[in-house]
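Visitor: Right, I'll just put the structure down here and ask away after.
The values are calculated or read from the model by the stated rules, or taken from the named source; none is laboratory data. Nothing here was measured: the structure is a model prediction, and the numbers come from that model. In this analysis, Cβ positions are derived from the backbone assuming ideal geometry, glycine residues included, and neighbour counts consider all displayed protein chains.
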Amino acid sequence: MTFKLLPTTDRWRCRLALAVSLALAWPAYAVPTAEDITLFHVGDQESWLISAQGNLYDAPSDALSYYGGAARLATLMQNERSEALAAGRSVLAVNAGDAFLPGPRLTASFANLANAAPGGGQDFYDAIVLRQLGFDSVTFGNHEFDLGSSVTAQFVAAANTPYLSANLDFSGNAALQALVDQQKIAPSLIVETSKGNKIAIVGATTPLLPTISSPDGVSVKNLDPAADADSNLLAMVPLLQAQIDQARADGATAVVLVSHLQNYQNELKLVPKLSGLDVFVSGGGHELMSDPGEPTIRGELPVIDGYPQVVTLDDGSKVLGVTSNFGNRYLGELNLSLDDQGRVVRDAAGVPVVGDGSGMLRVSGNPADPDFVAPDPVIDAQVVTPVREYIAALNQQIIGHSDMVLDGTRGSAPTAAAAIQFGVRNSETNLGDLVADAVRFTAKTDIAIQNGGGIRASINAGDVSVGDTFNVLPFTNLVVQLKDLSAEQVWKLMEYSLATASPDGAANGRFAQVSGMSIVYDTRRDALVLDADGNAVSGGRILSITLDDGTRLVENGVVNASARRVSLGTIDFTANGGDGYPFALLGLKPEALVDTLIYQEALLNYITAATADGGLGGVISADRYGVANPYDREGRLVDLAVAVPAPSALWLLPFGLLAGYVGRRRAA
């Protein structure tokens, strides 16, 4: 059993009172004592409430629907917790953030739970899950702020679970600052076990927050907008070290950092600079970390081989690092021991000793699996069932038909366990084309761009529903227009889009899907560098930008200063500097449309609008949106570092590997 020292909301006051009473009855409990500890960790739940498939549950047509989901995670976590407590272990449970994600499963909360929170106010199905699972802390991720800080405050209040971040300043938002004053938000906290050991949990949030989400009134401490990402990452070190040092001064004998930095590699840059740490939990990267032979969902290979990882700090000490995966698919369990001073037991090399039973535990509802678990009846009734009903109603509203799968996968560079994956964050895809076309159709502009990070799911071949449009485009991003852009301004914007791309598929949410133009570029070339006034200093990857009417804005790497000026459609997130886009630096200001629409509505309208009006008439055809092939030199986005001349691709024909690409088209 665990006891909270801070923050002291009602639930934790009760636990603290029990801890005090035990200390009075048995004074030995106030002194650190050797004991075993189980640390449960999850993260990036992102409103995957129903299953790992998303919206289907135990559907014979989709094996993935038998895995994951909040109700099954709850059962697994309770089973493991009961086993740990029965063995005399103390239990901590931490959450690495992104507890919800905008989309239809979150929208169900706004539709059904407007005044249902304990004590009144907006409740959330995702908050019910947090309350039921009993986390000791949640770290702020980026998605907690996607709908603005007022929704963030509503969610934190409803979650009734301490939210942590040592590098965020909430003083600019009254609602969130009130939660700080109530100790429902803190930089860190200390958990005291029944045996008197104090364990500190420190939270940290990505410094990219202002550019990848909408944290109005919330600022990142020590952030330098002019500095690069790694510099801002390392600027967190003194903030986190101060929390660790204070926790140690307050009697904590073990310290856990729970950080949401977007990927595990960022923790590997930051964590070695700290001292006094024992364990860190990484969130935001969705990486699966597991040991060889451990059961995984449908046999997926781990991105990081071996659980946990041992990381050496700059001071020579060694700590353990784990990831949280995503989507309620796995439960991380790390078993450790504390000595009679309350310190983490280490081996002769100084490495924390990992106890039996540690690993990433698959959340399986497949009766054929030996680790099958039944859904928790409370969460099944209070969360999964009403959300399924809401989604089912959306899915009954059919708006069109697609001849093929529309690819909304993220994309990723190769790892030791997986090959390169092309997706919306590193290459053209047919769904990216469709969404960009929808933005352009709605904005009524010459060209349009849509950041890959705003596209969140694929669409299967067959009927397309209203629910599909919400799954693909879940955020409340408004379509906006910008008028009278020069060729140079378009070039600089697109150079920014491509600056982090690489021949091996490095993925970034800024990577833009485009409409109304085609771009040939080479990621082997240096990225464009702009000075503080927006002037080009060096570099440049784009060889040509050609409008659909044949106008060349860039030719042979040179901007055509005499080219006609153009209008641009995009979403307000991007136009207002999201993902770091330099619209303001280039003197570009977006204008709202007369008919204000979010990008999900734009997609729905484009699919359903009559062909005579420029829409698709309900038909997403292979002629227009065939599967994009990054290895050919046709299409809207062609990277010469990857694509090969057409004759060189003929070797693929015997293997049938070109068959899926014949429908690729450039036209909008």
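Visitor: Could you list, in sequence order, all residues of the range 309-326 that are buried (at least 17 other Cβ atoms within 10 Å of the Cβ), modelled with pLDDT of 95 or more and of a type in the set (Ser, Thr, Tyr)?
Guide: Scanning the range 309-326 gives 317, 323.
Visitor: What number goes with the only condition from (1) within 17 Å of residue 496 (Cβ to Cβ); (2) assigned to a loop (DSSP other than H, G, I, E, B); (3) not polar (S, T, N, Q) that residue 414 does not pass?
Guide: Status for residue 414: all satisfied but (1).
Visitor: Whether any residue in the range 376-394 is over 30 Å from residue 609 (Cβ atoms), in contact (Cβ under 8 Å) with a residue 60 or more places away in the chain, surrounded by fewer than 21 Cβ atoms within 10 Å (Cβ to Cβ) and among the acidic types (Asp, Glu) is what I want to check.
Guide: Within the range 376-394, one or more residues are over 30 Å from residue 609 (Cβ atoms), in contact (Cβ under 8 Å) with a residue 60 or more places away in the chain, surrounded by fewer than 21 Cβ atoms within 10 Å (Cβ to Cβ) and among the acidic types (Asp, Glu).
Visitor: Quick one: in the range 338-350, of everything that is part of a strand (DSSP E or B) and over 32 Å from the mean Cα position of the chain (by Cα), which residue is surrounded by the most Cβ atoms within 10 Å (Cβ to Cβ)? Spell out the reasoning first.
Guide: Just the residues of the range 338-350 that are part of a strand (DSSP E or B), to begin with: 338, 344, 346.
Restricting the remaining residues to those that are over 32 Å from the mean Cα position of the chain (by Cα) gives 338, 346.
Numbers: 338: 23, 346: 16.
Looking at the filtered set, the residue picked out is 338.
Visitor: Now for a different question. Is it the case, given these coordinates, that residue 131 is within 30 Å of residue 81 (Cβ to Cβ), part of a helix (DSSP H, G or I), modelled with pLDDT of 95 or more and of a type in the set (Lys, Arg)?
Guide: Details: within 30 Å of residue 81 (Cβ to Cβ): yes; part of a helix (DSSP H, G or I): yes; modelled with pLDDT of 95 or more: yes; of a type in the set (Lys, Arg): yes.
The answer is yes for residue 131.
Visitor: Pull out all pairs, ordered by first then second residue, where Cβ-Cβ is under 6 Å, the residues are six or more apart or on different chains, the first lies in the range 40-55 and is over 11 Å from residue 66 (Cα atoms) and in contact (Cβ under 8 Å) with a residue 60 or more places away in the chain, and the second is crowded, with 24+ Cβ neighbours inside 10 Å and among the basic types (Lys, Arg).
Guide: Taking only residues 6 or more apart or on different chains, the pairs are 47/105; 49/105.
Visitor: While we're looking at this one, here's another question. Can you list residue pairs whose Cβ atoms sit under 6 Å apart, with the first residue in the range 259-288 being assigned by TED's automatic domain parsing to the domain that holds residue 199 and the second being in a helix (DSSP H, G or I) and among the aromatic types (Phe, Trp, Tyr)? Count only pairs 6 or more apart in sequence or on different chains.
Guide: Pairs found: 282/264; 285/264; 287/264.
Visitor: Okay, moving on. Six or more apart or on different chains, Cβ atoms under 7 Å: show the pairs whose first residue is in the range 618-630 and over 14 Å from residue 435 (Cα atoms) and not assigned by TED's automatic domain parsing to the domain that holds residue 518 and whose second is among the β-branched types (Val, Ile, Thr) and part of a loop (DSSP other than H, G, I, E, B).
Guide: Every condition considered, no pair remains.
Visitor: Residues that are more than 27 Å from the chain's Cα centre (by Cα) and crowded, with 21+ Cβ neighbours inside 10 Å: list the strands (runs of 3 or more DSSP E) wholly contained in the range 509-618 that include at least 2 such residues. Show your work before the answer.
Guide: On the way: elements: 512-515, 517-521, 536-538, 542-547, 552-555, 566-571.
Ranges flagged: 517-521, 542-547, 552-555, 566-571.
Visitor: Quick one: residue 442 ticks every box in (1) closer than 30 Å to residue 580 by Cα; (2) at pLDDT below 95; (3) more than 27 Å from the chain's Cα centre (by Cα) except a single one, so which number is it?
Guide: Status for residue 442: all satisfied but (2).
Visitor: A follow-up question, please. So residue 115 fits all but one of (1) surrounded by fewer than 16 Cβ atoms within 10 Å (Cβ to Cβ); (2) assigned to a helix (DSSP H, G or I); what number is the exception?
Guide: Unmet for residue 115, out of (1) surrounded by fewer than 16 Cβ atoms within 10 Å (Cβ to Cβ); (2) assigned to a helix (DSSP H, G or I): (2).
Visitor: Being surrounded by fewer than 21 Cβ atoms within 10 Å (Cβ to Cβ), closer than 20 Å to residue 577 by Cβ and at pLDDT 95 or above is the requirement here; does residue 275 meet it?
Guide: Working: surrounded by fewer than 21 Cβ atoms within 10 Å (Cβ to Cβ): yes; closer than 20 Å to residue 577 by Cβ: no; at pLDDT 95 or above: yes.
Considered against the rule, which asks whether it is surrounded by fewer than 21 Cβ atoms within 10 Å (Cβ to Cβ), closer than 20 Å to residue 577 by Cβ and at pLDDT 95 or above, residue 275 comes out as no.
Visitor: Can you tell me which residue is modelled with the lowest pLDDT among those in the range 616-659 that are within 16 Å of residue 518 (Cα to Cα) and of a type in the set (Asp, Glu)?
Guide: Among them, the one singled out is 632.
Visitor: Based on what the data block shows, is residue 219 surrounded by 24 or more Cβ atoms within 10 Å (Cβ to Cβ), under 20 Å from the mean Cα position of the chain (by Cα) and in the same structural domain as residue 44 (by TED's automatic domain parsing)? Don't jump to the end; show me each part of the working.
Guide: Numbers: surrounded by 24 or more Cβ atoms within 10 Å (Cβ to Cβ): no; under 20 Å from the mean Cα position of the chain (by Cα): yes; in the same structural domain as residue 44 (by TED's automatic domain parsing): yes.
No: the conditions fail for residue 219.
Visitor: Looking at (1) at pLDDT 95 or above; (2) surrounded by fewer than 18 Cβ atoms within 10 Å (Cβ to Cβ); (3) among the hydrophobic types (A, V, I, L, M, F, W, C), which one does residue 413 not meet, given that it meets all the others?
Guide: With respect to (1) at pLDDT 95 or above; (2) surrounded by fewer than 18 Cβ atoms within 10 Å (Cβ to Cβ); (3) among the hydrophobic types (A, V, I, L, M, F, W, C), residue 413 is out only on (1).
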